[in-house]
Amino acid sequence: MLGVINEDEKWGNNIFAGLTYYTLLAEQAFNLNQTEIFKEAEKNIKNLTDRVKEVIQTVPDEKDKSMLGSWESFNSSRLTKNSMTVLLHNGACTFHKIGRYEESAETFQQALQNGVNITTYGLALLLSSLWKANKKNTEVLEAFAKYSPEGLSVNELIKFDLDLTEIEW
């Protein structure tokens with residue numbers, strides 16, 4: 001994947017592919033205790049996240065009009081606001097998995113402010129990140145009320161992160 005990313009820096013999907021690659025690499029290096037690889041991945045994540053934020057500010061909102069799973073969809077540009085917010089969502093999940101809870105919560109907030117449709121898994125990690133970063137029960141409850149879809153139970157979130165059982169729901 002890195003070969004494809006490095007092949008053409010002007011490729012329209014370079015940011016999307018690069019950030020996806022480096023978040024996966026960071027998670028792997030973290031789990032394998034590969035400090036140097038982790039530090040390099042972290043540096044690239046920071047640079048690419050800054051580029052994602054720039055794209056979000058400059059690219060107009062555009063919905064993908066191609067059919068999901070189609071060749072056109074597969075080959076379409078990921079240089080859209082929607083794709084960039086998905087990257088932020090996925091990056092926030094990775095930050096949580098590597099124990100960077102403040103960065104995770106902050107990145108989730110950026111994605112949410114820019115219209116990402118947070119997944120149940122993502123919501124669980126957002127709430128867990130808020131809890132682990134500050135241990136403020138009210139902050140977690142407010143975020144749950146604000147971002148959870150109607151009818152979502154706390155038990156559905158707990159299955160993704162058992163630390164959510166520490167919160168006074």
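The values are calculated or read from the model by the stated rules, or taken from the named source; none is laboratory data. Every value quoted in this text rests on a predicted model; they were computed, and no experiment measured them. Note that each Cβ is placed from the backbone with ideal geometry, even for glycine, and that neighbours are counted across all protein chains shown. All accessible areas refer to the heavy atoms of the entire protein, side chains included, with ligands and DNA or RNA removed. Shrake-Rupley method; radii C 1.70, N 1.55, O 1.52, S 1.80 Å.
Classify the range 1-62 from the C-alpha gyration tensor, please: rounded if a/c falls under 1.5, else prolate or oblate depending on whether a/b exceeds b/c. Don't skip to the answer; put the middle values down first.
Values: a/c = 2.72, a/b = 1.76, b/c = 1.55.
Verdict is prolate for the range 1-62.
Take the Cα radius of gyration of the chain and divide it by 2.2 N^0.38 Å, with N its residue count; two decimals is plenty.
On the way: Rg = 16.8 Å, N = 169, 2.2 N^0.38 = 15.5 Å.
The reported ratio for this selection is 1.09.
Over the range 119-169, calculate the relative contact order: mean separation of alpha carbon pairs under 8 Å at least 6 apart, over the residue count, as a percent. List each step's numbers first, then the result.
Details: 39 pairs, mean separation 24.9, N = 51.
It rounds to 49 percent for the range 119-169.
Summary of packing: across the peptides 123-131, 43-51, 96-104, the per-residue average of other C-beta atoms within 10 Å ranks them, highest first, as 123-131, 96-104, 43-51.
Which net charge results for the neighbourhood of Asn47, defined as the other residues with beta-carbon distances under 14 angstrom from its beta-carbon, given Lys and Arg at +1 and Asp and Glu at -1?
Details: positive: Lys39, Lys43, Lys46, Arg51, Lys53; negative: Glu9, Glu40, Glu42, Asp50, Glu54.
Combined, the nearby Lys, Arg, Asp and Glu give 0.
Specify whether the C-alpha gyration tensor of the range 104-169 places it in the rounded, prolate or oblate class, a ≥ b ≥ c being the square roots of the eigenvalues: rounded for a/c under 1.5, otherwise prolate if a/b is larger than b/c and oblate if not. Could you put the intermediate results ahead of the total?
Details: a/c = 1.60, a/b = 1.21, b/c = 1.32.
Oblate shape, in that a/c is at least 1.5 and b/c is the bigger or equal ratio.
Computed with every protein chain present, the accessible area of Thr165 is close to 90 Å² [probe 1.4 Å].
List the trypsin sites (Lys or Arg not before Pro) within the range 133-163 that DSSP assigns to loop and that have no more than 14 neighbouring Cβ atoms inside 10 Å. Show your work: numbers first, answer last.
On the way: sites: Lys135, Lys136, Lys146, Lys159; in loops: Lys135, Lys136, Lys159.
In loop regions of the range 133-163 (DSSP not H, G, I, E or B), the sparsely surrounded trypsin sites (Lys or Arg not before Pro) are Lys135, Lys136, Lys159.
A straight Cα-to-Cα reach below 21 Å connects Lys146 with the lysines Lys132, Lys135, Lys136, Lys159, residues fewer than 8 places away in its own chain not being considered.
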